[in-house]
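For reference, the structure is listed below as C-alpha cells.
The values are calculated or read from the model by the stated rules, or taken from the named source; none is laboratory data. From a predicted model like this one, the values you see are computed outputs, not experimental measurements. Cβ placement follows ideal geometry from the backbone for every residue including glycine, while neighbour counts extend to all protein chains displayed. SASA here: full protein model, heavy atoms, side chains in, ligands and nucleic acids out. Shrake-Rupley method; radii C 1.70, N 1.55, O 1.52, S 1.80 Å.
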Amino acid sequence: MSVTSILSGNKENNQSKSGSEWWRSAVIYQIYPRSFADANGDGMGDLKGITERLPYLARLGVDAIWLSPFYKSPQADAGYDVADYRQVDPLFGTLDDFDAMLDKAHASGLRVLVDLVPNHSSDEHEWFKAALASPEGSPERERYMFRDGKGENGELPPNNWQSVFGGDAWTRPEGQKQWYLHIFDTKQPDFNWQNPEVRAEFESVLRFWLDRGVDGFRVDVAHGLVKEEGLPDFDEEYQQSMVEGGNQGPMWDQDGVHDIYRDWRKVLNEYDGDRMMVAEAWVKPQERLALYIRSDEMQQAFNFDYLLAHWDAAEVRHLIDESLAQTALAKAPTTWVMSNHDSVRHTSRFGLSNPGDRPNGIGRDSEQPDEALGLQRARAFAFVTFFLPGAAYIYQGEELGLPEHTTMEDKYRQDPTFWRTKGEEIGRDGCRVPLPWKADAPAFGFGPSDQTWLPQPQAFARYAVDVEEADSDSTLALYRKVLEVRAEHHLGQGELEWLDAPAEDTLLARNGDVYMMVNFGESAVKLPWDDAKVLAASHAQSSDSELDGNTGIWFQRG
Ligand code: NOJ
C-alpha cells in the first residue's frame, strides 16, 4: 500500500476549537428560521422555536449555528430582502428574543453567526423609499443603482442584464424616468457600493450585531457588491451565471469587492472572541474563490464545487485535492458543504440519474429521485465530508436524511424564481419545508398548531426527530456518532493522506489514527486489511471483510 499524496489542513495554523481560530475546524449548522421550529403556532418558524431546540443542536455535536435572515422584511425573497438591518421581523419575534437565543446558545457552547445581506435591500427599506421620493442625482438616489434608460424616451432598460431569478434586472417604477438595478427580484434593489455612505452604513450594521455578541456573519452574494465600471452589456450565455455557479459577467467577482472585506475584517478585529465571516461567493475557479479568504479578508468561503459533486470517487477526490490546495495557499480552512437553502437536498440529488448538475428544484413533472438510494449515498458521503480537515456545514434536516419535497403543488410555491420564470425553474421551496419533530403530531411537531408555511410531504413522518431518536440505525444517530468521532480524533484539525484504494470507485484515506473508506460503486469491495476495527459505518455491512456498495466506514487498525 503506497501513500499517494498528503494534503494538509493547514496544521501549523490549527488551534483548538475552544481557543482562537475555532472556525478552522468547526461544524456549523445552518438554521433556516422560517422552517426550523415554530413556537407560537402561526406556521412560521421563529426565534423562540430556535431557543427551545438548542439542546437538540448541542446534543448533535455541532460547534456553531448560522441563522438565515430574521430581519424586518416584506419576505419577497424569504427574508433576503431586508427592510431594516437592525430589527427582527415580528414573524420571528423581537430583539429581546434574539438576545435570549444568543445567550442560551453561548451557554450551551454554541457560537452564533448571522446572515448579512449587503448586495441589496428591500424596496421597503427607508433608504429606497427616500430614493424614489427624491430627484435624480440626489444623495438619496446615490445609495442605489439608478440609471437612465435607453431608447428615444428612455423606455428600454439601461443594459441587457438579466435577474438571477429570471426576467430583466432593471425596473422602472411607475411615474419615474429612471430605472433601478436589481440582480435578484424587483423588490431587491442593489446598493451602490461606490458610495461611502453605503460602506459606512454596513460597518455600522456589523457593529450593531457584534456589540450584541454574535460570533460572525455569513455574507450573502459576497461576489456581487461591486459592478464593472460603466455597467456594460454582456453576453447572453453568461446571463444565468450565478445560477450555474460561475463568476462571469460584469456584476460578479470584480476585484473591488476585496477592499470592502478588508475594511470589514478590520472592524471584526477590533472585537475579542475571534469573530468570523464566511463568503457566499459562487465563484470559479477555486483560485478566484481563495482571494476572499486571504488573511486580511474573510475566514471562510463556502465550497460550492463540493456541494455540486457527482457521485463519482475520482471527481470527489479531485475536488478535495483542489480545494485543499487552494485554501492552503491562502492559509485558510476549506469548507465542506453538501446542502443549503438554495440547493436541492443532497439526499435527493444523489438519487437522481445525474446528481452533479444543479437542478433548480425538483417538481412533480421532473425526474423523481430514488429516495432509498439517495439516502444511502448521502449517509456514505457524510463519511467523506466529516473526515476532511477544515470546517463542515450541515443544513437543517440533513442530519435526519430529510429528502427534498419533490411533489409540491405549484399553488404553494413561494420562491420568486418559480414565479419570475413562470414555472420554468422549479425553485428552492422543496428544500425549505418545515422540519418534522414528532411523527404523530399535527405538522409533524413543527409547532403547536397544524400550520406550516409550506406543506410537508407525508414521507416526513419517517424522518421525524422522535422516530430517529428511538432508532439506533437512524441518520440522526449516525450524524451524532460521526460528529463525536470527528471531535474525539480531531479530524477537522488533521491532515488528509490518500492511500491507494482497492477499487476504482472507492476512496481510501487516513487522517491521524483514523481511516476512511467509501465505496461509490454498486458492488462490494474487499477491505485492504484484515485488522480493521470499525468505528462507524453508514450501513450495517453484509461481511466483515468487505465494504458494500454506496457505503462508507471509518476504522482504526490493529
Ligand atoms: C443568496 C441566498 O442564499 C438566496 O437565498 C437569496 O435568494 C439570494 N442570495 C439573494 O439574496
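Compute the long axis of helix 196-212 from its Cα atoms, compare it with the longest principal axis of the Cα atoms of the chain, and write down the angle in degrees, 0 to 90, nearest 10.
Once rounded, the angle reads 50 degrees.
Using the Karplus curve 6.51 cos²θ - 1.76 cosθ + 1.60 with θ = phi - 60°, what ³J(HN,Hα) values do you get for each residue of the range 486-500, in whole Hz, with x for Gly and Pro?
Once θ is set to phi - 60°, the couplings for the range 486-500 become 4, 5, 4, 9, 6, 5, x, 9, x, 10, 9, 10, 6, 10, 5 Hz.
Given the -39500 (n - 2.57) contribution per DSSP H run of 4+ residues, what per-residue ellipticity at 222 nm results for the chain, rounded to the nearest 500 deg cm²/dmol?
On the way: 15 runs with 136 residues, N = 558.
Calculated at 222 nm, the ellipticity per residue is -7000 deg cm²/dmol.
Label points 7 Å out from Cα along the Cβ direction at T407 and D84: separation in nm?
4.3
Contour minus end-to-end for E152 and R364, with contour as 0.36 nm per residue of separation and end-to-end as the Cα-Cα distance?
Working: separation 212, 0.36 × 212 = 76.32 nm, distance 4.50 nm.
Stretched fully, the E152-R364 segment lengthens by 71.8 nm.
So which of K104/K481; K72/K331; K72/K481; K284/K481 end up more than 32 Å apart, counting from Cα to Cα?
Numbers: K104/K481 24 Å; K72/K331 37 Å; K72/K481 38 Å; K284/K481 34 Å.
With Cα atoms farther than 32 Å apart: K72/K331; K72/K481; K284/K481.
Residues of the range 413-478: accessible area per residue at 1.4 Å, in Å²? If you can, show how the numbers build up before the last one.
Details: 2830 Å² over 66 residues.
Using a 1.4 Å probe on heavy atoms only, each residue of the range 413-478 averages 43 Å².
What are the residues whose amide H is under 5 Å from the amide H of Y71, where those residues sit 5 or more places off or on another chain and H is modelled from the backbone?
The list, which skips near neighbours in sequence, is D89.
Using the beta-carbon distance between A477 and K422 and R0 = 60 Å, what value does 1/(1 + (r/R0)^6) give for FRET efficiency, to the nearest 0.05? Write out the running numbers ahead of the final one.
Values: r = 43 Å, r/R0 = 0.72.
After rounding, the FRET efficiency stands at 0.90.
Give the long-range amide H neighbours of Y80: residues separated by 5 or more places, or on another chain, with amide H under 5 Å away, using H modelled in the peptide plane at 1.01 Å from N.
none
For the range 440-525, what number results from the quotient of the Cα radius of gyration and 2.2 N^0.38 Å?
Numbers: Rg = 18.9 Å, N = 86, 2.2 N^0.38 = 12.0 Å.
Against the empirical 2.2 N^0.38 Å value, I get 1.58 for the range 440-525.
Modelled label-to-label distance, N160 and A100, 7 Å Cα→beta-carbon offset: nm?
In this crude label model, N160 to A100 measures out at 5.5 nm.
How tilted is helix 371-385 with respect to the longest principal axis of the chain? Cα atoms for both, answer in degrees (0 to 90, nearest 10).
For 371-385 against the chain, the angle is about 90 degrees.
Just read off the accessible area of L95 with the full protein assembly in place, 1.4 Å probe, to the nearest 10 Å².
Approximately 40 Å² of L95 is accessible to the 1.4 Å probe.
Using only the heavy atoms of the protein chains and a 1.4 Å probe, how would D115, D530, D263, D63 rank by accessible area, largest first? Don't jump to the answer; show the numbers that get you there.
Numbers: D115 0, D530 155, D263 55, D63 35 Å².
In descending accessible area the options line up as D530, D263, D63, D115.
DSSP beta bridges in the chain, what fraction antiparallel, as a percent rounded to 5? Walk me through the numbers before you get to the answer.
On the way: 36 of 60 bridges.
The antiparallel proportion sits near 60 percent.
What number comes out for accessible area per residue over the range 502-557 if the probe is 1.4 Å? Units Å², please. Spell out each step's value before the answer.
Values: 2460 Å² over 56 residues.
Computed with neighbouring chains in place, this is 44 Å² per residue.
Can you tell me the length gained on complete extension of the stretch H310 to R262, counting 0.36 nm per residue apart and subtracting the Cα distance?
On the way: separation 48, 0.36 × 48 = 17.28 nm, distance 3.46 nm.
That pair, H310 and R262, stretches by 13.8 nm at full extension.
Set the Förster distance to 25 Å, then compute FRET efficiency between E136 and D233 from the Cβ-Cβ distance, nearest 0.05. Kindly include the intermediate steps, with their values, before the conclusion.
Details: r = 22 Å, r/R0 = 0.90.
For E136 and D233, the calculated efficiency is 0.65.
If you count, for each residue, the other Cβ atoms within 10 Å and average over each peptide, how do 31-43, 384-396, 303-315, 407-419 line up from highest to lowest?
384-396, 31-43, 303-315, 407-419
Taking H as built 1.01 Å from N, whose amide H comes closer than 5 Å to the amide H of I31, not counting residues under 5 places away?
Answer set, sorted by chain and number: W66, L67, S68.
Cross-link partners among lysines for K177, C-alpha distance below 23 Å, same-chain residues fewer than 8 apart left out?
Excluding near neighbours in sequence, the set is K129, K150, K187, K227.
Any idea what angle helix 95-107 forms with the longest principal axis of the chain, computed on alpha-carbon atoms, 0 to 90 degrees, nearest 10?
With both axes taken from Cα atoms, the answer is about 20 degrees.
Would you kindly find the accessible area of K481, with a 1.4 Å probe and non-protein molecules such as ligands, DNA and RNA excluded, rounding to the nearest 10 Å²?
Only protein atoms counted, so the area is about 80 Å².
Taking a quarter of the surface of the Cα convex hull of the range 145-210, what do you get in nm²?
Details: hull surface 22.5 nm².
Value for the range 145-210: 5.6 nm².
Please list 3J(HN,Hα) in residue order for the range 285-290, calculated via the Karplus relation 6.51 cos²θ - 1.76 cosθ + 1.60 where θ = phi - 60°; whole Hz, with x for glycine and proline.
Along the range 285-290, the couplings run x, 4, 4, 5, 4, 4 Hz.
Keeping all protein chains in position, work out how much accessible area W453 exposes to a 1.4 Å probe, and write it in Å² to the nearest 10.
Solvent-accessible area, nearest 10 Å²: 40 Å².
Could you look at the chain and say what percent of its accessible area is carbon and sulfur, using a 1.4 Å probe and all protein chains? Can you show the working numbers first?
Values: 9370 of 20220 Å².
C and S fraction of accessible area: 46 percent.
Report the FRET efficiency, 1/(1 + (r/R0)^6), for A487 and E270, where r is their Cβ-Cβ distance and R0 is 41 Å, rounded to 0.05.
Numbers: r = 31 Å, r/R0 = 0.75.
The pair A487/E270 has a calculated efficiency of 0.85.
What distance in nm separates the simple spin-label points at R288 and S449, each placed 7 Å from Cα in the Cβ direction?
Here the answer is 4.6 nm between the modelled labels.
What is the Cα coordinate range of the chain on the first, second and third principal axes, sorted by size from largest, in whole angstrom?
Principal-axis extents of the Cα atoms in the chain, largest first: 78, 51, 46 Å.
Give me the Kirkwood hydrodynamic radius of the range 502-557, using the inverse of the mean 1/r over all pairs of distinct Cα atoms, in Å to one decimal. Provide the component values of the computation, followed by the final result.
Details: mean 1/r = 0.0912 Å⁻¹.
Over the range 502-557, the inverse of the mean reciprocal pair distance is 11.0 Å.
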